[in-house]
Amino acid sequence: MLECRDLATFYDVSQILFGVSLSLAKGRSACIIGRNGVGKTTCLRTIMGLTPPAAGTVTFEGKPLNRLPPFKIARLGLGYVPEERRIFPDLTVEENLLIAERRNPNGIAWSLDKSFEVFPALQEFRERQGGFLSGGQQQMLTIARTLMGCPSLLLLDEPTEGLSPLMVRTLEQAIIRLKQEGLTMLLAAQDMHFAHNVADDVYVMNRGAIVYSGTVEQAKADEAQVMAHLAV
Ligand SMILES: Nc1ncnc2c1ncn2[C@@H]1O[C@H](COP(=O)(O)OP(=O)(O)OP(=O)(O)O)[C@@H](O)[C@H]1O
Ligand SMILES: [Mg+2]
């Protein structure tokens with residue numbers, strides 16, 4: 001479904017990604033893991049066209065995405081949940097969701113009711129303004145908002161960053177539920193723990209390059225090697 005080949009991405013003159021290749025089959029979830037600043041966000045931004053690559057290709061369902069503007073890439077069925085939570089603080093939870101509603105016959109079948117089913121806290125606070133939600137609730141709202149566009153591929157950047165252990169577990173359960181619904185996902189995280197719980201495949205990134213890739217089972221078996229790449 002998604003194929004990245006030899007991506008090289010720069011911010012001005014500094015090169016951030018060095019020949020990143022990864023592939024994701026329909027219905028699978030992959031997690032890019034790596035320390036602070038290794039290029040995880042840049043990789044997701046490159047796929048979305050927010051920071052286009054200087055070299056390499058991104059192919060989605062057989063179509064090259066290179067040089068398409070981000071809104072066209074989104075319309076092809078890619079949903080992106082950035083690290084910073086993007087909600088409208090003055091709108092209610094329900095309004096935040098309804099305003100993001102879009103049809104995509106090829107994507108996940110999603111709705112307001114589905115949002116409330118997968119994220120019950122959003123139903124409880126449906127009349128509350130987004131700005132008055134907790135960090136974890138805002139993260140759920142950000143994810144649900146993106147799902148209201150019925151994406152066929154969801155990019156999730158460090159969804160559990162900065163949340164309480166209880167909220168992390170709640171979000172992991174929701175992401176597992178999305179996987180059961182057949183949604184294809186590319187996630188980013190700093191450690192292996194999150195990947196173990198929600199992903200099929202793991203890509204370890206260091207200094208802008210993929211230094212290890214394999215299934216979660218393989219990564220568990222190769223734990224020492226994976227941990228060495230994640231060590232400071
Ligand atoms: N807008 C920008 N302009 C210049 N350099 C940037 C910009 N955004 C990120 N960088 C640099 O690019 C490198 C990779 O950053 P990136 O945000 O992709 O890493 P990350 O793996 O997502 O890190 P984190 O775990 O902190 O989110 C870092 O060295 C960072 O300082
Ligand atoms: Mg990041």
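Quick look at the numbers
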{"quantity": "Rg(Cα)/(2.2 N^0.38 Å) for region 169-232, N = residue count", "calculated": "1.15"}
{"quantity": "Ellipticity estimate at 222 nm from DSSP helix runs (n ≥ 4, -39,500 (n - 2.57)) divided over the chain, nearest 500", "calculated": "-10000 deg cm²/dmol"}
{"quantity": "DSSP-defined beta bridges in the chain - what % are antiparallel, rounded to 5", "calculated": "55 percent"}
{"quantity": "Degrees between helix 165-180 axis and first principal axis of the chain (Cα, 0 to 90, nearest 10)", "calculated": "80 degrees"}
{"quantity": "Using θ = phi - 60° and Karplus 6.51 cos²θ - 1.76 cosθ + 1.60, couplings along region 56-65 (whole Hz; Gly, Pro as x)", "calculated": "x, 9, 10, 10, 10, 6, x, 9, x, 9"}
{"quantity": "Cα principal axis extents for the chain, largest first, Å", "calculated": "46, 37, 32"}
{"quantity": "Listed residues Val81, Val118, Val204, most fluctuating in the chain (Gaussian network, C-alpha, under 10 Å)", "calculated": "Val118"}
{"quantity": "Taking Cys43, Cys4 and counting other C-beta atoms within 10 Å, the order from fewest to most", "calculated": "Cys4, Cys43"}
{"quantity": "Cleavage-rule hits, trypsin sites (Lys or Arg not before Pro), region 103-195, DSSP coil, Cβ neighbours within 10 Å at most 12", "calculated": "Arg103"}
{"quantity": "Residue-by-residue Karplus 3J(HN,Hα) for region 47-54, coefficients 6.51, -1.76, 1.60, Hz, glycine and proline x", "calculated": "4, 6, x, 6, 10, x, x, 7"}
{"quantity": "Hz values of 3J(HN,Hα) by residue in region 142-150 - Karplus curve (6.51, -1.76, 1.60), Gly and Pro given as x", "calculated": "4, 5, 4, 4, 5, 5, 5, x, 6"}
{"quantity": "Top positive-direction residue, dipole computed over the chain with Cβ charges, set Leu97, Gly182, Gln15", "calculated": "Gln15"}
{"quantity": "Among Val216, Val38, Phe116 - extreme Cα towards positive end, dipole of the chain, charges at beta-carbon", "calculated": "Val38"}
{"quantity": "Mean separation of Cα contacts under 8 Å, 6 or more apart, over the residue count of the chain: relative contact order %", "calculated": "28 percent"}
{"quantity": "Residues with amide H under 5 Å from that of Asn66, placed H, sequence gap 5 or more", "calculated": "Val58"}
{"quantity": "In region 50-138, the GluC sites (Glu not before Pro) that fall in loop regions by DSSP, at most 12 other Cβ within 10 Å", "calculated": "Glu84, Glu127"}
{"quantity": "Net lengthening on full extension, Ser164/Ser14 (0.36 nm per residue, minus Cα-Cα)", "calculated": "50.5 nm"}
{"quantity": "Under-19-angstrom lysine pairs by C-alpha in region 2-230, whenever the two are 8 or more apart or on separate chains", "calculated": "4"}
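Where a number appears in this text, it was derived from the coordinates with a stated rule and is not lab data. Predicted model, so just to flag it, every value in this text is computed and none were measured. Positions of Cβ are backbone-derived with ideal geometry, glycine not excepted, and every protein chain shown enters the neighbour counts.
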